Amino acid sequence: MYCNYLSLTNFRNYARLDLELPPRVTVVLGGNAQGKSNLLEAIYFLATTKSFRAGSDRELVNWLANTEGTAFARLIARVRRGHIVLNIEILIKEEVPREEPGLGPALISPLRTTVKRIKVNNVTKRAIDIIGEVNVVMFSPQDIDLIQGAPHMRRRYLDVTISQVDPRYVRTLAHYSKVLLQRNYLLRQIRERHGRPEQLLFWDQELVNAGSYLIWQRLAAVASLNSLAHTIHRQLADGESLSIQYRSSLEWSGDEIQSRGMVDSNSDSDLGEDLGRLREAFKQQLDSLQTKEIAYGLSLLGPHRDDLVFLVNERDMNIYGSRGQQRTIALSLKLAETRFMRSMTDEEPILLLDDVMSELDEARRNHVLAIIGPEQQVIITTTDLHHFTPEFLDQAALFRVEQGIVERIAL
């Protein structure tokens, strides 16, 4: 799998870009704030429909576009996946509503919204339908936050990773989020005596059904990532033992799941009694929490409350890890993610490395470069070519980016 053409219009600091990319290793050289990370962000966005750093889609639109009427950004990519060619287009457009009484001109209305319009091979798609068409693994210096940051960041990491290899997961996740929103609203209504507890029956069942599938696939994915990252981390950290554990709000061992791995996303038939036991445990524990949940007005059980724990030699690295240890764990996790996606899809994911070489010592840099597969597309940004061996650079395509202008260079 590789992206061989990328076109950007009004995306970040790129007013206009048309770029042919080779199928193997590309090194993008440039100073800070010149647009290196924006290139990787564009490819990540085309694969996941989300930015790995922007708080909203509106931030992705070149600010100069706001002076030319309705703001928009367009991303186009041509991706080869085996014998299939995917032409992906995403339009990010600001919709200007009709002028509302008392709000003044629509141009400054606080009701302005940003929408995404997506096409694959000229067929209109929903965002939920294209996730997984292109698989990417993104590694940046900010990934240290996966270890030391808040639990929601680790949940989001799992969700993005699994969604790329399991179409049912991303649909179930979207449904679960809607159910959670409605259930929390009803809990607050019951607390204020505007509803009855028996009204929870439908939403409880929906929460259990969707949440059980999410927990099952997360546990199985974490088991695979743990096995892969354990081996990689021993090589990176002089034999230190890394363990990645899924900490669920549900009292459930997960032994059945971890021993069987991820399941066919098209059917529950492979899950059988194991999924039934998980659902039953979820339902029983949910029932026991009903009084407490009504008092809080919140759903207190489910995958939205879960977390990942990283242990090195049995010590929690979120609490006791140094920045160096946390950085090495993040690197081990991302390299494990690459192998995990390959095992699930039989395709090499596109590997995006955003200025990470400057954060690593020579031994770890060499290890990263050594694991790059001969059939894998890798795009690496850097401020300094001295982080790479001459042999590696001889095999790579080199580009320089300056103020949103990209040009190919030679050593």
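The values are calculated or read from the model by the stated rules, or taken from the named source; none is laboratory data. A quick note: this is a predicted structure, and the numbers were derived from the prediction, not measured. Here the Cβ positions follow ideal geometry from the backbone for every residue, glycine too, while neighbour counts run over all protein chains shown. With ligands, DNA and RNA removed, areas are computed over all heavy atoms of the protein, side chains included. Shrake-Rupley method; radii C 1.70, N 1.55, O 1.52, S 1.80 Å.
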For the chain, set up a Gaussian network in which alpha carbons nearer than 10 Å are linked by springs, and say which option among 288, 249, 37 fluctuates the most. 288
Calculated on alpha-carbon atoms, Rg and Dmax of the range 150-218 in Å: 14.0, 43
Just to confirm a number: summing +1 for Lys and Arg and -1 for Asp and Glu over residues other than residue 406 whose beta-carbon lies under 12 angstrom from that of residue 406, what do you get? 0
Ignoring ligands, DNA and RNA, what percent of the accessible area of the chain is carbon or sulfur (1.4 Å)? 48
Sum of side-chain charges, residue 307 neighbourhood, beta-carbon under 9 Å (Lys, Arg +1; Asp, Glu -1): +3
Points 7 angstrom from Cα along the Cβ direction at residue 235 and residue 408: gap in nanometres? 3.1
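Tell me, what is the percent relative contact order of the chain, built from C-alpha pairs under 8 Å that lie six or more residues apart?
Here the relative contact order equals 24 percent.
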How much net charge surrounds residue 324 when only other residues with a Cβ under 11 Å from its Cβ are counted (Lys, Arg +1; Asp, Glu -1)? +1
May I ask you to compute the full-extension gain from residue 156 to residue 290, defined as 0.36 nm times their residue separation minus their alpha-carbon distance, rounded to one decimal in nm? 45.6 nm
Cα-based Lys proximity count in the chain, under 30 Å, for pairs eight or more positions apart or on separate chains: 27
Roughly how much of residue 138 is accessible, in Å² to the nearest 10, using a 1.4 Å probe? 10
Gyration tensor verdict on the range 110-160 (Cα atoms; rounded if a/c is under 1.5, prolate if a/b is larger than b/c, oblate otherwise): oblate
Length-normalised contact order of the range 1-50 in % [C-alpha pairs under 8 Å, at least 6 apart]: 28
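Helices from the chain with mean Kyte-Doolittle at least -1.0 and a Cα length along the axis of 20 Å or more, per DSSP H: which? Kindly include the intermediate steps, with their values, before the conclusion.
Values: long enough: 167-191 (36 Å, -0.54); 200-236 (50 Å, 0.35); 272-288 (25 Å, -1.15); 323-345 (33 Å, -0.45).
Taking the DSSP H segments of the chain (at least 20 Å long, mean hydropathy at least -1.0), we get 167-191, 200-236, 323-345.
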At 10 °C and 1.306 mPa s, the Stokes-Einstein diffusion coefficient in µm²/s for the chain, with hydrodynamic radius from the Kirkwood sum on alpha carbon pairs, is 68
If one puts a single equal scatterer on every Cα of the range 280-408 and applies the Debye formula without solvent, what log₁₀ I(q)/I(0) results at q = 0.11 Å⁻¹? -0.63
How large is the Rg to Rh ratio of the range 186-239 when both quantities use alpha carbon positions and Rh follows Kirkwood? 1.42
So, with points 7 Å from each Cα along the Cβ direction, the residue 227-residue 15 label distance in nm works out to 5.3
Using the Kirkwood radius over C-alpha pairs as Rh, can you work out the diffusion coefficient of the range 21-68 via Stokes-Einstein at 10 °C, viscosity 1.306 mPa s, in µm² per second? 127
